[in-house]
1. Out of all the residues in the range 236-295, which are farther than 22 Å from G44 by Cα and open to solvent by less than 10 Å² (accessible area, probe 1.4 Å)?
2. Out of the residues in the range 172-188 that are modelled with pLDDT of 95 or more, surrounded by fewer than 21 Cβ atoms within 10 Å (Cβ to Cβ) and over 15 Å from K216 (Cβ atoms), state the one that is nearest to the chain's Cα centre (by Cα).
3. Which residues, counting only those in the range 91-107, are of a type in the set (G, A, S) and within 11 Å of the ligand (Cβ to nearest atom)?
4. Would you confirm, using the coordinates I've provided, whether A193 is within 15 Å of the chain's Cα centre (by Cα), in contact (Cβ under 8 Å) with a residue 24 or more places away in the chain and either open to solvent by 40 Å² or more (accessible area, probe 1.4 Å) or within 15 Å of the ligand (Cβ to nearest atom) (or both)?
5. Is the range 50-58 home to any residue that is under 19 Å from G115 (Cβ atoms) and in contact (Cβ under 8 Å) with a residue 24 or more places away in the chain?
6. Return the total of residues in the range 108-117 being buried (at least 19 other Cβ atoms within 10 Å of the Cβ), more than 10 Å from the ligand (Cβ to nearest atom) and not aliphatic (A, V, I, L, M).
7. Kindly indicate whether any position in the range 25-41 is outside any strand (DSSP E or B), within 16 Å of the ligand (Cβ to nearest atom) and not polar (S, T, N, Q).
Amino acid sequence: MNNKKIIVIVGSANTDMVISTDHFPLPGETLMGKNFMINYGGKGANQAVAAARMGGQTVFIGKVGDDNFGNSIITNLISEGININHLHRTQESPTGVALITTVPSGENSIIVNAGANGQLKAEDIQSSEDVIAQAGIVLMQLETPVATLIEAARLGKKHRAFTILNPAPAPATPLPQELLENIDLLIPNETEACSISGVEIKDEDTAMQAINTIQKMGVKNIIITVGSKGAIAKMDNKLITVPAFKVKAIDTTAAGDTFCGALSVALSEGKDIEAAIRFGNKASSISVTRKGAQLSIPHRDELEM
Ligand code: RIB
């Protein structure tokens, strides 16, 4: 790591439309749901909010549409204390939207219409090189175009930032070498790790197989988050297993985002990786006890650690 404190997050911002149901709808089924909510979401914006609520100096690079959803997202990010000087607007697409179904087990299913997030271009990243040059960490996900992320990771490495990719949602095609070669730390969940490595994760052994396969693709450091079981990591060839905090989950939306944002803040403060994973686990364990994406993300004083 370096001693620069700014965390730059390159990613998506969505308006989440959430309905709770008793079970996920089957093909052709019309289900009666309840508790409709419109919330702030998007993996990038969620991670930015998590970082800001943990006390990180957070800059968000993204794109929203020239519409009311975009206006609200901007107002919200400002209210969270996030630097939005590098947030772009487009008239070509509407602001990103996610349709989310949650069920009593706490699981969800999400359909995202990327909209303006899909218009975030490599040029938009190049125009933010000045702020990337000041960043200690550049944190990315996969809800914006891969070409854009390749540029963000390249500029991050050029300026000696620690680059983190949370490969969510799970990539449908192999991640390009130009991206992986500039990533210092990959944080997939079990599904994402399986899509990338081809190894189905059932236990610690298979998680290690997935980690070893991904390392051969050129990423040195990997943390696989395994939901209620915690995280398994290989950092600088050291194996680390960190159990999760035991809680009753009611909605896991944005749990991974909360983990990534909180872990980034802990690393930017110089915590070692094990302590940073524990910090991320604690933050996400609180988020799953609440409904919604950004609504569920805790503030630092709630972590008591
Ligand atoms: O990770 C949760 C997020 O995924 C939601 O907020 C939704 O917008 C989708 O991006």
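The values are calculated or read from the model by the stated rules, or taken from the named source; none is laboratory data. Not measured: the values here are computed from a predicted model. Note: ideal-geometry Cβ built from the backbone for every residue, glycine included; neighbour counts use all protein chains shown. Keep in mind that these areas ignore ligands, DNA and RNA; they rest on the heavy atoms of the full protein, side chains included. Shrake-Rupley method; radii C 1.70, N 1.55, O 1.52, S 1.80 Å.
1. I240, V242
2. So, considering only residues that are modelled with pLDDT of 95 or more, surrounded by fewer than 21 Cβ atoms within 10 Å (Cβ to Cβ) and over 15 Å from K216 (Cβ atoms), the one nearest to the chain's Cα centre (by Cα) is D184.
3. Let us first name the residues in the range 91-107 that are of a type in the set (G, A, S), namely 93, 96, 98, 105-106.
If the condition is that a residue be of a type in the set (G, A, S) and within 11 Å of the ligand (Cβ to nearest atom), then G96, A98 are the ones that fit.
4. Working: within 15 Å of the chain's Cα centre (by Cα): yes; in contact (Cβ under 8 Å) with a residue 24 or more places away in the chain: yes; either open to solvent by 40 Å² or more (accessible area, probe 1.4 Å) or within 15 Å of the ligand (Cβ to nearest atom) (or both): no.
Here the answer is no, as A193 does not meet what is asked.
5. Initial filter on the range 50-58 (under 19 Å from G115 (Cβ atoms)): none.
Checked the range 50-58: no residue is under 19 Å from G115 (Cβ atoms) and in contact (Cβ under 8 Å) with a residue 24 or more places away in the chain.
6. Counting residues in the range 108-117 that are buried (at least 19 other Cβ atoms within 10 Å of the Cβ), more than 10 Å from the ligand (Cβ to nearest atom) and not aliphatic (A, V, I, L, M) gives 1.
7. Step one: filter the range 25-41 for residues outside any strand (DSSP E or B), giving 25-33.
Now restrict to residues that are within 16 Å of the ligand (Cβ to nearest atom): none.
Within the range 25-41, none of the residues are outside any strand (DSSP E or B), within 16 Å of the ligand (Cβ to nearest atom) and not polar (S, T, N, Q).
Results for (1) touching a Phe, Trp or Tyr at 6+ places or on another chain (Cβ under 7 Å); (2) modelled with pLDDT of 95 or more; (3) in a loop (DSSP other than H, G, I, E, B), shown as yes or no for each residue.
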{"residue": "V265", "(1), (2), (3)": "no, yes, no"}
{"residue": "K271", "(1), (2), (3)": "yes, yes, yes"}
{"residue": "I277", "(1), (2), (3)": "no, yes, no"}
{"residue": "G280", "(1), (2), (3)": "yes, yes, no"}
{"residue": "S284", "(1), (2), (3)": "yes, yes, no"}
{"residue": "T289", "(1), (2), (3)": "no, yes, yes"}
{"residue": "L295", "(1), (2), (3)": "no, yes, no"}
{"residue": "P298", "(1), (2), (3)": "no, yes, yes"}
{"residue": "E304", "(1), (2), (3)": "no, no, yes"}
